[in-house]
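Participant: One structure, pasted below without further comment.
The numbers here are math on the coordinates, done by the rules we state, and not lab data. Computed from a prediction, not measured in an experiment: that's the story for all the values here. Cβ sites come from the backbone with ideal geometry, for glycine too, and all protein chains shown count toward neighbours.
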Amino acid sequence: MQEIKREILINKAKDLLADGTVDRVLGWKAGEFDYDVTPAVFNSADEIEGDFVWNGFCGANFSKYLVKETLKGDGKVLVFLKPCDTYSFNQLLTEHRFDREKVYAVGVPCNGMVDVNKIKEETDSVVSIDFDGGNTVVHTLYDGDLSLPTEKLLSERCVNCKSKKHVAYDELLGEDGEVCDSGRFDEVARLEKMTPDERFEFWQNELSRCIRCNACRDVCPACTCEKCVFDNPESPVENKAPANSFEEKMFHIIRAFHVVGRCTDCGECSRVCPQHIPLHLLNRKFIKDIDELYGEYQAGSVLGNRAPIVDYKLDDAEPSEAVERGDENA
Amino acid sequence: MQVNEYKPLIVAFCCNWCSYAGADLAGNNRLNYPADVKIIRVPCSCRVNPMFILRAFQRGADGVILCGCHPGDCHYTSGNYYTRRRMSLLFSMLDYLGIERERTRVEWVSAAEGAKFAATMNDFVEKVTALGENKRLEDLRCKK
């Protein structure tokens with residue numbers, strides 16, 4: 001599955017621990033099930049040897065973890081970053097959210113991560129999962145062993161991968177890739193072509209499933225405020241009883257709006273959503289609008305970039321023009 | 001016989017330096033605009049957080065209009081330029097979610113444009129009245 005082997009990552013981590021470059025390692029370890037790979041901090045070579053995991057379920061983006069982790073000691077933290085994670089890493093550095101001196105970033109190439117829900121569509125009795133070359137072998141309770149091509153199981157954000165190129169690292173393992181010409185805005189464009197009633201129906205269906213667990217906020221590398229507007233008991237979104245779906249609309253509009261120009265489209269929000277709401281479609285709408293109205297902008301691609309929402313031009317489009325702009329293509 | 005004619009509730013955020021004075025001028029000139037418009041004075045149009053707009057809808061507004069100084073004339077030099085970008089993105093998002101686009105509007109009204117203020121409000125109220133009650137961004141808990 002992943003081109004680069006677990007042993008290479010482990011050896012790199014052990015070497016850097018041994019020569020004192022870093023004193024802890026941010027990596028992935030096994031969860032309760034094979035597909036529940038979870039972020040963890042490793043302090044010794046033994047822990048790494050025993051628990052470190054690197055496979056098609058290492059989707060977690062570690063950039064946000066650095067905000068808290070770099071405050072915990074004087075030593076450096078080793079962090080493994082996939083190409084898409086490096087954009088968030090750059091964006092957080094641009095916002096001065098952590099100390100670059102306390103991080104040793106190792107870039108790892110990525111062939112895309114697996115979406116377990118696509119496996120669960122094939123079978124509902126997953127026992128364990130192995131990766132064998134280009135195939136994912138699923139051992140099940142009732143359906144025997146299934147061998148599925150990994151390519152067909154990739155999560156949406158990996159199918160529409162925006163970049164296989166690392167934009168920040170101290171050291172790179174393996175080969176660096178290129179920025180991809182992905183069709184990630186196709187789905188947004190499809191929605192824009194619908195009538196307002198169809199769009200309302202679509203989003204009503206999606207957003208009314210929201211259980212306000214706040215997982216999308218908690219995982220988002222752009223959401224790093226210590227005091228969040230959604231934690232304010234005076235705010236109109238804190239109250240949980242869902243009388244109708246206003247609260248979810250409010251929450252998701254504001255959540256997406258707060259990361260405008262800072263969202264790197266890493267897709268973590270959709271990955272963690274327990275209700276499978278396509279939250280990335282809200283973020284991508286803003287990114288697409290910014291690209292079309294204020295010029296192409298990819299958050300995190302360049303360190304120190306100024307986001308379009310905190311900038312202006314004298315001849316910007318009027319809000320009415322911005323809204324009516326799509327009509328001629330409809 | 002009682003006639004239950006539908007009257008929309010319109011919230012107008014007006015900047016202190018231009019549009020609020022424009023509303024004053026409309027009054028002084030005895031220009032008519034519907035009493036359904038409730039004006040909220042803000043120091044600058046860029047004071048308006050996207051949350052204010054959603055919250056106005058939640059609390060029963062049928063339309064929200066934001067008025068500020070003409071671009072280039074902001075009392076604070078550049079506030080309304082930021083408003084313009086923010087509201088372009090927010091209104092485009094509301095449209096994407098299927099909320100009627102006639103319910104939101106940004107209009108630049110100077111302190112000398114009393115007539116424009118009255119005309120804008122008349123037009124906006126007429127459009128929102130035609131749409132009827134705000135159903136897509138209502139909160140049942142806030143209904144009287």
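Participant: With the cut-off at 25 Å, tell me which of the pairs A:Lys12/A:Lys165; A:Lys64/A:Lys102; A:Lys29/A:Lys285 have Cα atoms farther apart than that.
Facilitator: Distance filter (> 25 Å) returns A:Lys29/A:Lys285.
Participant: So if I place +1 on the C-beta of Lys and Arg and -1 on the C-beta of Asp and Glu, and nothing else carries charge, what would the dipole magnitude of chain A be about its Cα centre? I want it in debye, nearest 20.
Facilitator: My answer is approximately 620 debye.
Participant: About the Cα centre of segment B:10-142, what is the dipole size in debye to 20, counting +1 per Lys and Arg Cβ and -1 per Asp and Glu Cβ, all else neutral?
Facilitator: Here segment B:10-142 has a charge dipole of around 380 debye.
Participant: I need the P(r) histogram for segment A:186-329: all alpha carbon pairs, bin width 10 Å from 0 out to the longest distance, whole percents.
Facilitator: 10, 37, 36, 16, 1
Participant: Right, next: Whole-Hz ³J(HN,Hα) for each residue in segment A:271-287, computed from phi via Karplus 6.51 cos²θ - 1.76 cosθ + 1.60 with θ = phi - 60°, x for glycine and proline: what do you get?
Facilitator: 5, 8, 4, x, 9, 6, 7, x, 5, 4, 5, 6, 5, 5, 4, 5, 5
Participant: Give me a single rounded figure for B:95-108: the average over its residues of other chain Cβ atoms within 10 Å of their Cβ.
Facilitator: Mean partner shielding for this stretch: 6.
Participant: Can I ask one more? How far, in degrees from 0 to 90, does helix A:83-94 lean away from the longest principal axis of the Cα atoms of chain A, to the nearest 10?
Facilitator: Long axis of A:83-94 versus the principal axis of chain A: about 70 degrees.
Participant: By DSSP, what percent of the beta bridges with both residues in the protein assembly as shown are antiparallel, rounded to the nearest 5?
Facilitator: Taking every DSSP beta bridge with both residues in the protein assembly as shown, the antiparallel ones total about 40 percent.
Participant: Given segment A:1-125, what percent of its DSSP beta bridges are antiparallel, to the nearest 5?
Facilitator: Expressed as a percentage, antiparallel bridges in segment A:1-125 total about 45.
Participant: Another question about this same structure. Considering only DSSP beta bridges whose two residues both sit in segment B:10-142, what percent are antiparallel, to the nearest 5?
Facilitator: 0
Participant: Between 0 and 90 degrees, rounded to the nearest ten: what's the tilt of helix A:196-207 against the longest Cα principal axis of chain A?
Facilitator: 40
Participant: Among A:Thr264, A:Thr123, A:Ala105, whose Cα projects farthest towards the positive end of the dipole of chain A, with charges put on the beta-carbon of Lys, Arg (+1) and Asp, Glu (-1)?
Facilitator: My answer, from the dipole projection, is A:Ala105.
Participant: Which residue, A:Gly59, A:Tyr35, A:Thr21, has the largest displacement toward the positive end of the dipole of segment A:18-63 when charges sit on each Cβ (Lys, Arg +1; Asp, Glu -1)?
Facilitator: A:Gly59
Participant: Would you mind getting me the FRET efficiency between A:Thr224 and A:Gln204? Use the beta-carbon distance for r and R0 = 41 Å, nearest 0.05.
Facilitator: 0.85
Participant: Something else: Check each of the GluC sites (Glu not before Pro) in segment B:77-135 and keep only those in coil by DSSP with at most 16 other C-beta atoms within 10 angstrom; list them in order.
Facilitator: Sites meeting the loop and neighbour criteria: B:Glu133.
Participant: Considering Cα pairs under 8 angstrom that are at least six residues apart, work out the relative contact order of segment A:1-155 and quote it in whole percent.
Facilitator: 22
Participant: Among A:Pro278, A:Asn205, A:Ser301, whose Cα sits farthest toward the positive end of the charge dipole of the protein assembly as shown (+1 at Cβ of Lys/Arg, -1 at Cβ of Asp/Glu, about the Cα centre)?
Facilitator: The residue sitting most towards the positive pole is A:Asn205.
Participant: A further question on this structure: Cβ under 13 Å from A:Leu173's Cβ, A:Leu173 left aside: what net charge do those residues give with Lys, Arg +1 and Asp, Glu -1?
Facilitator: Within the 13 Å Cβ shell, the charges total -3.
Participant: Relative contact order for segment A:118-255 using alpha-carbon pairs under 8 Å, separation at least 6, rounded to a whole percent?
Facilitator: Rounded, it is 12 percent for segment A:118-255.
Participant: Using Cα-Cα distances under 8 Å and only pairs 6 or more residues apart, what relative contact order does chain A have, in percent?
Facilitator: 16
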